[in-house]
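Participant: Dropping a structure here in structure tokens format, bear with me for questions.
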Amino acid sequence: MSERSMPVLELDRAEVVLGGTPVLRGVSVTIRAGEVVAILGANGSGKSTLVRAALGLIPLTRGEARLFGRPVRSFTEWARVGYVPQRLTAASGVPATVAEVVSAGRLARRGFLRPRTAADRAAVTSALETVGLAARAADPVSTLSGGQQQRVLIARALAGEPELLVLDEPTAGVDAASQDAFATTLRELIGRGVTIALVAHELGAVEPLVGRAVVVGAGRIVHDGAVPRPAGHHADPDHEHLHPHAPAAPPGVWTAQ
């Protein structure tokens, strides 16, 4: 099996029950190295639960999750994985600059106690350039727009130089300019061969970059293949692809991983 066809993220007959309610029902999906896969579905379909379970952030009731061929329960090479969670803000309760937040993405590689190296600084600079925020490196994160803060979180994940990047609704509720900037970032990552799993309600500007769509409905995979064509009002060329489906997270919430 060639390196680019190797499974990177897998769920095998995965079931998740939360609060007594089945959320995933026997889901099996495989994402291979170099793929760009969109995980699509309506609110409450289970699409975010799917990726969180695949990363071991939500326990499986049944089935198995694997990363790079290893069961997620015993997986330790977290520097290979970048994760941008849903609806978080990059601003923290303690004043932090853009570069400081992005630097946290290097912790999985260097550990908490080792000092920053030239490689760490170069990776942070490269990540900021990739998302178009190098000029804002010294600015407080709190001065950035919501879309720019989301790009900071993406840069934080990229600073770890992951082989797999998982993004949970990265453009939900952000403006069109930020969506276009995200599409530019995604295009560059695809050129580098990064494997991408993108959770979305709608794809908007990134649709041409997606090679495969996995559609989740009522906790099951209802489609796995080409990106489905929009229907109804979503097919209207004037339809606005901005859907702030939930309130923003409280100020100060961001994770170190």
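We did not get these values from a lab; they are worked out from the coordinates using the rules stated. Here the structure is a predicted model, which means the values were calculated and not measured. Methodologically, a virtual Cβ is constructed for each residue, glycine included, from the backbone with ideal geometry; neighbour enumeration extends over all protein chains shown.
Participant: Amide H of Ile58 versus every other amide H placed in the peptide plane: which residues, excluding those fewer than 5 positions away on the same chain, fall under 5 Å?
Facilitator: Counting only residues 5 or more places away or on other chains, the set is Ala53.
Participant: Calculate, for Ala119 and Thr184, the FRET efficiency according to 1/(1 + (r/R0)^6) with r their C-beta to C-beta distance and R0 25 Å; round to the nearest 0.05.
Facilitator: Numbers: r = 25 Å, r/R0 = 1.00.
Efficiency computed from Cβ-Cβ geometry: 0.50.
Participant: Assuming R0 = 30 Å, can you tell me the calculated FRET efficiency for the pair Met6 and Asn43, based on Cβ-Cβ distance, to the nearest 0.05?
Facilitator: Details: r = 33 Å, r/R0 = 1.09.
Once rounded, the FRET efficiency stands at 0.35.
Participant: Starting from the amide H of Tyr83, placed 1.01 Å from N in the peptide plane, find each other amide H under 5 Å away whose residue is 5 or more places distant or on another chain.
Facilitator: Val166
Participant: Further question: Could you pull out every residue, at least 5 positions away or on a different chain, whose amide H is within less than 5 Å of the one on Ala33? Hs are placed 1.01 Å off N in the peptide plane, and Pro or chain starts have none.
Facilitator: Met6, Val8
Participant: Go ahead and collect, in residue order, the members of the range 186-227 whose backbone nitrogen is under 17 Å from a label point 7 Å along the Cα-Cβ direction of Leu18.
Facilitator: 199-201, 216-221
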